[in-house]
């Protein structure tokens, strides 16, 4: 999920009772809720290295207990005059750790996924229930943040005694998020059922994926693989489904001769380990006479001309790989 969602969710967890652990617990929990995304610094070594590291070790459950130690020296600088004891350190540690676990939990909801079982396996875990930036979850969490502030303003205007904000409101908000997530899970299952029940160009699907969008919870994008092609088709659970309403992308009739070299390359190893629905295309190289340009994109993140993640491999006339590149954006 995005960092605003992580922060607001962490704040609700703090208000639900974790803020009573000790001094600075709310701040520590919010820091912990964003700490796994510290892997952003790997981008200094290039887009491919960041792509390789993102949502990897920093999101692994086995690393979480160690990661929770990182903010404690800064916390100690702020509270050292209070001479915090072992119990205060333990409470601060638990607050950070709770934030990290909430981050891992939230990042499982979307289609990007995380590798939370490193180093035991490199598998990506993803539920495909919500978009990476879900506006409805924003609304629910922002209501939870703003409602106590508005209530305080109203009370001050009418001269009513201001009650200390308890945990009940935060639990209501967390319950609303859970209910919305359950609804999304139900709709996701319905979308999968719709996709699996149809034929695509007279062929049965080998596998299907229903991808969420940021705005309308009952509208999904289906990615369907058959033995001959990929179909990217809209799914509206409140309307009729037409399996021919999307776009069909034919697979190569035979495996590309360049595929072994691509899989053995650094870019190919990193990209294909992440890619869930790889679409391969080969054509003449615009730069090398007699050469071939092979492009691979992940259909989870858009059609070939708009895919967020793609890789390109250029071969000379003899079939030797001479250039490889990775992009994090739509093709130009």
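Are there any pairs with C-beta distances below 7 angstrom linking a residue in segment 82-93 that is assigned by TED's automatic domain parsing to the domain that holds residue 22 and at pLDDT 90 or above to a residue that is assigned to a helix (DSSP H, G or I) and surrounded by 10 or more Cβ atoms within 10 Å (Cβ to Cβ), with the two at least 6 apart or on different chains, and if so which? Pairs that qualify, where the first residue is assigned by TED's automatic domain parsing to the domain that holds residue 22 and at pLDDT 90 or above and the partner is assigned to a helix (DSSP H, G or I) and surrounded by 10 or more Cβ atoms within 10 Å (Cβ to Cβ), are 89/72; 91/25; 92/28; 92/72; 92/75; 93/72. Figure legend. Inter-residue proximity from segment 133-149: first residues closer than 8 Å to residue 173 by Cβ, second residues modelled with pLDDT under 90 and part of a helix (DSSP H, G or I), beta-carbon distance below 7 Å, spacing 6+ or different chains. Indicated pairs: 144/169.
Return yes or no: is residue 249 part of a helix (DSSP H, G or I) and over 18 Å from residue 322 (Cα atoms)? In short, no. Of the residues making up segment 259-288, those that are touching a helix residue (DSSP H, G or I) at 6+ places or on another chain (Cβ under 6 Å) and part of a loop (DSSP other than H, G, I, E, B) number 2.
If you go through segment 59-81 and pick out every residue that is surrounded by 11 or more Cβ atoms within 10 Å (Cβ to Cβ) and part of a helix (DSSP H, G or I), you end up with 10. Can you pull out the residues in segment 199-218 that are more than 14 Å from residue 232 (Cβ to Cβ) and either part of a strand (DSSP E or B) or in contact with a strand residue (DSSP E or B) (Cβ under 9 Å, 6 or more places away or on another chain) (or both)? The answer is 203, 206, 212, 216, 218. For segment 33-81, a residue qualifies if it is over 19 Å from residue 118 (Cβ atoms) and in contact (Cβ under 8 Å) with a residue 40 or more places away in the chain, and the qualifying residues are 33, 34, 47, 71, 75, 78, 79.
The values are calculated or read from the model by the stated rules, or taken from the named source; none is laboratory data. Predicted model only: the values in this text are computed from it and were never measured. All Cβ positions, glycine included, derive from the backbone under ideal geometry; neighbour counts span all protein chains shown.
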